[in-house]
Amino acid sequence: DTGVSQNPRHKITKRGQNVTFRCDPISEHNRLYWYRQTLGQGPEFLTYFQNEAQLEKSRLLSDRFSAERPKGSFSTLEIQRTEQGDSAMYLCASSQQGQPQHFGDGTRLSIL
Amino acid sequence: RKEVEQDPGPFNVPEGATVAFNCTYSNSASQSFFWYRQDCRKEPKLLMSVYSSGNEDGRFTAQLNRASQYISLLIRDSKLSDSATYLCVVNTGRNTGFQKLVFGTGTRLLVSP
């Protein structure tokens, strides 16, 4: 499968714990995006990487959230001290310049 | 006011029907436009890009009216497999390098036998 891959598919954790998600983009795509989607809403943009550089961050990305793409390939999204409101689907997408984004199947986070 | 507005539906139609979805956007500087399809608890998948001249892909036709900031999607001869949520998506990125996609809440379509 040469699509965008995300791990884990599901994560259940207690409030206050740290979680980390991984995204492996389509191999030739140098642009990588993270989104968050809650029930009944469309995805909301969180952050954008071009190669290893994080070039855009949404105001939704509080200081408890951090994203990295150290070698310009896979990316990780970490949430520290999770809160109930962090429960959502976290989606990763990748693209080439000027081309539509392709999404992974997401990581569903549930905070107990 | 939301940046991208859609009627959430659901639209309940019989197989074979023609159905149209509309969407409006507020950012007049928006660069490009898309329709994505999302099945329940799955990721969004690109259905089609939307061009100013209008474009068609099989049973699907998309239209864009920049003056009215309005986008539409027409589905002809609906199939059961068309049941999904259709997301109107607008790229508000300021340059060609960064696609800042803003999604509507989606319009749910249910096609019945």
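The values are calculated or read from the model by the stated rules, or taken from the named source; none is laboratory data. Just so it is clear, the structure is predicted and the values come from calculations on it, not from any experiment. Cβ placement follows ideal geometry from the backbone for every residue including glycine, while neighbour counts extend to all protein chains displayed. The area values use the complete protein model at the heavy-atom level, side chains included, leaving out ligands, DNA and RNA. Shrake-Rupley method; radii C 1.70, N 1.55, O 1.52, S 1.80 Å.
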Does residue A:95 satisfy the criteria of being within 18 Å of residue B:93 (Cβ to Cβ) and in contact (Cβ under 8 Å) with a residue 12 or more places away in the chain? yes
State the number of residues belonging to region A:56-77 that are among the hydroxyl-bearing types (Ser, Thr, Tyr) and part of a loop (DSSP other than H, G, I, E, B). 3
Is one or more of the residues making up region A:33-55 within 13 Å of another protein chain (Cβ to nearest Cβ), farther than 21 Å from residue B:44 by Cβ, open to solvent by 80 Å² or more (accessible area, probe 1.4 Å) and in a strand (DSSP E or B)? yes
Cβ contacts < 8 Å: first residue over 19 Å from residue B:41 (Cα atoms), restricted to region A:98-112; second residue open to solvent by 50 Å² or more (accessible area, probe 1.4 Å), any location; separation 6+ or different chain. Result? A:98/B:96; A:100/B:46; A:112/A:12; A:112/A:14; A:112/A:15
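When you look at residue A:16, is it within 9 Å of another protein chain (Cβ to nearest Cβ), assigned to a loop (DSSP other than H, G, I, E, B) and either small (Gly, Ala, Ser) or surrounded by 20 or more Cβ atoms within 10 Å (Cβ to Cβ) (or both), yes or no? Can you show your working first?
Details: within 9 Å of another protein chain (Cβ to nearest Cβ): no; assigned to a loop (DSSP other than H, G, I, E, B): yes; either small (Gly, Ala, Ser) or surrounded by 20 or more Cβ atoms within 10 Å (Cβ to Cβ) (or both): yes.
In short, no.
Of all the strands (runs of 3 or more DSSP E) wholly in chain B, which have at least 2 residues that are in contact with an Asp or Glu (Cβ under 8 Å, 6 or more places away or on another chain) and open to solvent by less than 30 Å² (accessible area, probe 1.4 Å)?
B:19-25, B:84-91, B:101-103, B:107-112
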Filter region B:62-102 for residues that are more than 23 Å from residue B:39 (Cβ to Cβ) and basic (Lys, Arg); which is nearest to the other protein chains (Cβ to nearest Cβ)? B:100
